[in-house]
Amino acid sequence: MKTQSLVSISNLYKSYESAANPVHVLDNINLEIAAGERIAIVGKSGSGKTTLINLITGIDAPTSGEILIQDQSITALNQNALAQWRGKNVGIVFQFFQLLPTLTILENIILPMDLCKQFSRKQRSARALELLARVGIAEHANKLPAALSGGQQQRAAIARALANNPPLIVADEPTGNLDSVTSNEILTLFGELAREGKTLIAVSHERDISQHVDRVIHLKDGAIVGVTP
Ligand SMILES: Nc1ncnc2c1ncn2[C@@H]1O[C@H](COP(=O)(O)OP(=O)(O)O)[C@@H](O)[C@H]1O
Ligand SMILES: [Mg+2]
């Protein structure tokens, strides 16, 4: 069945088995996200934000329920197919950037293109440089990550997330390790990307996140308790 949503989540549950009894972490999540939409997920620590994000990227599997992304049921894919799918369809940005420390910034951006082989070997470094220019750090291309500030490293991580031109960008507290001015710059950059057609799902603790997104999803104890506006 064709949906209009880029992401369609239905009847999603996640529990973890523990010695005593299962811990219910996500409790019947239903959510439709349109292509080009910018979504923030907010909620207290432990409310299930990271768990939800990890299910959307296929890093973790739900206990039950379904996630369709561009009409692909990601819960139906095996590990290999999922890794392939993720490489092409989802760009992931982490709180602590997770750039490879022994590769230059440019090499960090080229790496996911080498893995997915959607762009020819010749195209890859030119594309990486274009992406670094897009996020405003082209002059740092040949440095190691440690030589860059936190904000610059997060810009590099965003360029890496864009490397294979995925429709969906997912970020778990991308500004959690940045000062407020830098956070604002990074959120503005995410907003611009969405205007260029990307769909964005970001977990955030920023009080003013609503300025940068179209909808804010409020999670509490693993359930959606509100959507604003
Ligand atoms: N692998 C796991 N095993 C057991 N419990 C877990 C596991 N991962 C997360 N949890 C629990 O699930 C709940 C939600 O965690 P998480 O999704 O990381 O929340 P958030 O990102 O909102 O802080 C927490 O109570 C956490 O302790
Ligand atoms: Mg978390």
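FYI, it's all coordinate maths here, none of it is from the lab. None of the values given here were measured: they were computed from a predicted structure. Cβ sites come from the backbone with ideal geometry, for glycine too, and all protein chains shown count toward neighbours.
What the table shows:
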read-out: Spatially near lysine pairs across the range 5-228, Cα under 28 Å, sequence gap of 8 or more or different chains; value: 20
read-out: Segment ALA138-SER180, length gained on full extension (0.36 nm per residue, minus Cα span); value: 12.8 nm
read-out: Of ILE105, ILE217, ILE158, the one that fluctuates the most in a GNM where the chain has Cα springs shorter than 10 Å; value: ILE217
read-out: FRET efficiency, 1/(1 + (r/R0)^6) with R0 45 Å, evaluated for ASN21 and GLN98 via beta carbons; value: 0.85
read-out: Trypsin sites (Lys or Arg not before Pro) restricted to the range 160-226 and DSSP loop, no more than 12 other C-beta within 10 Å; value: ARG207
read-out: Positive dipole terminus of the chain, leading residue within HIS205, ASN11, ILE59 (C-beta point charges); value: ILE59
read-out: Selected from LEU129, LEU12, LEU115 as most flexible by GNM, with the chain as the system and alpha-carbon contacts under 10 Å; value: LEU115
read-out: Evaluated over the chain, the Cα radius of gyration and Dmax, each in Å; value: 17.5, 55
read-out: Separation of the LYS88 and LEU129 label points, Cα + 7 Å toward Cβ, nm; value: 2.8
read-out: J(HN,Hα) series, the range 146-162, from Karplus relation 6.51 cos²θ - 1.76 cosθ + 1.60, nearest Hz, glycine and proline x; value: 4, 7, 9, 6, x, x, 5, 5, 5, 4, 4, 5, 5, 4, 4, 4, 8
read-out: 0 to 90° range, to nearest 10: angle between helix 180-195 axis and the chain longest Cα axis; value: 80
read-out: DSSP-assigned coil residues among chymotrypsin sites (Phe, Trp or Tyr not before Pro) in the range 83-190, each with at most 14 further Cβ atoms within 10 Å; value: PHE96
read-out: Residue order, fewest to most surrounding Cβ atoms within 10 angstrom, among HIS140, HIS212, HIS24; value: HIS24, HIS140, HIS212
read-out: For the range 5-228, size of Cβ-based charge dipole, Lys and Arg +1, Asp and Glu -1, in debye; value: 620
